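Everything on this sheet refers to the single structure shown next.
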Amino acid sequence: MKKIIFVLFLYLFTLSVAAQQEEILTIEYNPQQKTFFKSDTIIVHGILRIAEQWHVNAHQPADSNLIGTDVQLHAMPGFRLLAIDYPRAVKLQTGYDPLPLWVYADGAEVTIFLKAEDYITPGEYKILVQTEYQACNNVTCMPPRINNSEFILKISQ
């Protein structure tokens, strides 16, 4: 019996270490168009790429002990954040929680809405995005992580 418990512990530990070394979540942000006018509402789509056999908790997870996915834009002089639309969560039953969880699966899309301020000058601007998330699989949940991404906005007259 001790051997079985030890082997199970070793397996879970190995799985946890491997997951910490791999990038579970990457996000590719793409502006809806190549160039925006100052008067445009800027729409940027972010596609969540989640490693196989993993999911990330929804923005508003079902369990208050879990960390929800949270997208934050770094200080963006010249731009105003209008809204962030999170994907529709999927209900998932896991082996470690009797209640279903609300999660995002691979391919889910976050949409960011921005507005350029009147005083901004035409040009290219790098926007930095920080996403806090908690990844889980059917066995365990990882500690919260942060994904740093960026995209370029081109503003014309």
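General remarks:
- Qualifying residue in the stretch 13-26 (condition: assigned to a strand (DSSP E or B) and either modelled with pLDDT of 95 or more or surrounded by 12 or more Cβ atoms within 10 Å (Cβ to Cβ) (or both)): yes
- Selection within the stretch 88-118 - of a type in the set (S, T, Y) and either surrounded by fewer than 11 Cβ atoms within 10 Å (Cβ to Cβ) or closer than 23 Å to N30 by Cβ (or both): Y104, T111
- Residue within the stretch 38-49 that is assigned to a loop (DSSP other than H, G, I, E, B), in contact (Cβ under 8 Å) with a residue 24 or more places away in the chain, among the hydrophobic types (A, V, I, L, M, F, W, C) and surrounded by 17 or more Cβ atoms within 10 Å (Cβ to Cβ) present: no
- The set of residues from the stretch 124-157 being exposed (fewer than 13 other Cβ atoms within 10 Å of the Cβ) and either touching a His at 6+ places or on another chain (Cβ under 7 Å) or over 25 Å from P31 (Cα atoms) (or both) comprises N138, P143.
- Search result, residues across the stretch 63-87 that are surrounded by fewer than 18 Cβ atoms within 10 Å (Cβ to Cβ), of a type in the set (G, A, S) and not in a strand (DSSP E or B): S64, A75, G78
The values are calculated or read from the model by the stated rules, or taken from the named source; none is laboratory data. Only a predicted model underlies this, so the values are computations on that prediction, with no experimental measurement involved. All Cβ positions, even for glycine, are placed from backbone atoms using ideal geometry, and neighbour counts span all protein chains on display.
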